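Heads up: the structure comes next, in structure tokens.
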Ligand code: TNX
């Protein structure tokens, strides 16, 4: 292991020396870069440590990307970067080609076991006038590193001093490592269905801000959105409508697998949620034996919660749950299965506890770790299971007493479906109004006294009662989801609203290029936004 690391480092060193020598020979131009400042770049989330050296790296038609050989996933990261450079600059940067005539600058994406931080997503960027060297232990770390690089490629080229276009990347050194290993968002595709393409677009945006989890809320009272081959009526009947009476929809297992693969290419894990024993009207309409509330189930297109429940004392219910968990687990590579467990208001407490404990065993039998909303902490759950805190301090305390890891999603701060203010066209406000600053200015590290050692990470849920199109989704998610990426990646010392505000304002060109209809919060002096507050409110 050590030997191979040494050999790799030697090869890298030789490669750089040869490249530098060639560069010396071939250098036909002298580029006088204006003084740069890497520390003043608009990177989100803010990296741990940035040391500027005030020179420039020329990204241009003479740049090539090289990646470590035989290091799993590194070439794919290089190709992903090349694609994004093409999209931003129209440059065709070659990846791992033998020789490029007149090549002058190199981006080297290198697998290295000797980065300052050992975490799987840590990376280091060394940017000099001749080369960009990105070191990381893993392809996931390299992938996070290229997001930083994407963010510091200028929007426009500087071609005043050269015959060809140059995008000047500021030189310096970045050492980076995430504060939390779990950085997620949740998308509710049950209240309103979102297409595979919509989900992919959301994944693309999350990836740019270094998220690593997308939790899909796949079932609820209003819809069942994932094909279960052994129980076909779930989607046939339970997937046929949505809030407001539109036609609903669902993902076939192949489509779900396509979402997983797309996310995996971006080093994002999908966590499936099947919400039980409450929030199960769509399942009970499809198979009425599941129903435990005594009322004949009918398709539901409203937005009330807490009326449905499975019959938790029936063996056939657990046979059903076993099939659902088995089928979904078999096509989900990640370690987690989310069982929901929230707002089961019509399930008796003892029945609820009995259900959670039985379903936990089923989840474990299929090789997964159970996650559930914070209510699951009232059951006698295993130390590996993870409650997702959305508001009950009492449940959080139970989880802490049991030494459990918790996912932080406090509704008052982290719910993407809360309205920004009273003028917001979409969203709810039962927990709070959450303007852009409130979403950013809080301390997940010590929120409600939950100790740091119990916190696995942060997740920003986007519930779907009030949104049915990707534009509406984007209006609620952006810009707040950008702030949550910084809250989960960057340390408290590195976060500052005034400083963040400026960096956020400068996301407008990226968001515009991605055709994201973000809410142009009047708190932010958006750099160059296509949309104004009034325009969005009007349409
Ligand atoms: C509460 S928070 C819910 C969801 C709703 C959401 C709306 C939680 C675990 N459950 O069923 O969609 O409020 O904000």
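The values are calculated or read from the model by the stated rules, or taken from the named source; none is laboratory data. For clarity, every value in this text was computed on a predicted model and none was experimentally measured. Don't worry about glycine lacking a Cβ; one is built from the backbone with ideal geometry, like all the others, and counts go over all protein chains shown.
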Using the structure shown, decide if residue 474 is buried (at least 18 other Cβ atoms within 10 Å of the Cβ), within 15 Å of residue 187 (Cβ to Cβ) and either touching a helix residue (DSSP H, G or I) at 6+ places or on another chain (Cβ under 9 Å) or in contact (Cβ under 8 Å) with a residue 60 or more places away in the chain (or both). yes
Answer yes or no as to whether residue 278 is in a loop (DSSP other than H, G, I, E, B), free of Cβ contacts under 8 Å to residues at least 60 places away in the same chain and touching a strand residue (DSSP E or B) at 6+ places or on another chain (Cβ under 9 Å). no
Within segment 277-296, restricting to residues that are within 23 Å of residue 372 (Cβ to Cβ) and touching a helix residue (DSSP H, G or I) at 6+ places or on another chain (Cβ under 7 Å), the one that is surrounded by the most Cβ atoms within 10 Å (Cβ to Cβ) is 283
Show the residue pairs meeting these rules: Cβ distance below 6 Å; 6+ apart or different chains; first residue within segment 415-430 and on the phi > 0 side of the Ramachandran plot; second residue part of a strand (DSSP E or B) and crowded, with 16+ Cβ neighbours inside 10 Å. 427/418
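Residues are listed down the side, and each one gets a yes or a no for (1) away from the ligand (no atom under 16 Å from the Cβ); (2) at pLDDT below 95; (3) closer than 18 Å to residue 198 by Cα; (4) assigned to a helix (DSSP H, G or I):
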{"site": "255", "(1), (2), (3), (4)": "yes, no, yes, yes"}
{"site": "260", "(1), (2), (3), (4)": "yes, no, yes, yes"}
{"site": "274", "(1), (2), (3), (4)": "no, no, no, no"}
{"site": "284", "(1), (2), (3), (4)": "yes, no, no, yes"}
Among (1) farther than 23 Å from residue 486 by Cβ; (2) surrounded by fewer than 24 Cβ atoms within 10 Å (Cβ to Cβ); (3) out of contact with any strand residue (DSSP E or B) (no Cβ under 9 Å at 6 or more places or on another chain); (4) in contact (Cβ under 8 Å) with a residue 24 or more places away in the chain, where does residue 223 come up short? (2)
Collect the residues in segment 183-199 that are buried (at least 22 other Cβ atoms within 10 Å of the Cβ) and in contact (Cβ under 8 Å) with a residue 60 or more places away in the chain, keeping them in residue-number order. 183, 184, 185, 186, 187, 188, 189, 190, 191, 192, 194, 199
Contacts under 9 angstrom Cβ, first residue in segment 229-253 being within 17 Å of residue 321 (Cβ to Cβ), partner exposed (fewer than 14 other Cβ atoms within 10 Å of the Cβ) and modelled with pLDDT of 95 or more, 6 or more apart: 235/252
So residue 241 passes all but one of these: (1) surrounded by fewer than 21 Cβ atoms within 10 Å (Cβ to Cβ); (2) touching a strand residue (DSSP E or B) at 6+ places or on another chain (Cβ under 8 Å); (3) under 16 Å from residue 332 (Cβ atoms). Which condition number does it fail? (3)
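Among the residues of segment 450-475, which ones are under 30 Å from residue 399 (Cα atoms) and within 14 Å of the ligand (Cβ to nearest atom)?
Listed by number, the residues that qualify are 459, 460, 461, 462, 463, 464, 465.
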Per the list (1) under 26 Å from the mean Cα position of the chain (by Cα); (2) surrounded by fewer than 23 Cβ atoms within 10 Å (Cβ to Cβ), residue check on residue 212 breaks on (2)
Can you tell me which residues in segment 286-302 are out of contact with any strand residue (DSSP E or B) (no Cβ under 6 Å at 6 or more places or on another chain) and in a loop (DSSP other than H, G, I, E, B)? 287, 293, 294, 295, 296, 298, 299, 300, 301, 302
Here the residues within segment 380-407 that are in contact (Cβ under 8 Å) with a residue 40 or more places away in the chain and closer than 17 Å to residue 369 by Cβ are 386, 388, 389, 399, 403, 404, 405, 406, 407
Somewhere in segment 488-507, is a residue in contact with a strand residue (DSSP E or B) (Cβ under 7 Å, 6 or more places away or on another chain) and either closer than 27 Å to residue 178 by Cα or part of a helix (DSSP H, G or I) (or both)? yes
Scan (1) out of contact with any helix residue (DSSP H, G or I) (no Cβ under 9 Å at 6 or more places or on another chain); (2) farther than 28 Å from residue 252 by Cα; (3) more than 16 Å from the ligand (Cβ to nearest atom) for the single condition residue 335 breaks and write down its number. (2)
Please determine whether any residue of segment 166-180 is under 26 Å from residue 276 (Cβ atoms) and away from the ligand (no atom under 16 Å from the Cβ). no
Tell me, yes or no, whether segment 414-435 has at least one residue that is assigned to a helix (DSSP H, G or I) and away from the ligand (no atom under 12 Å from the Cβ). no
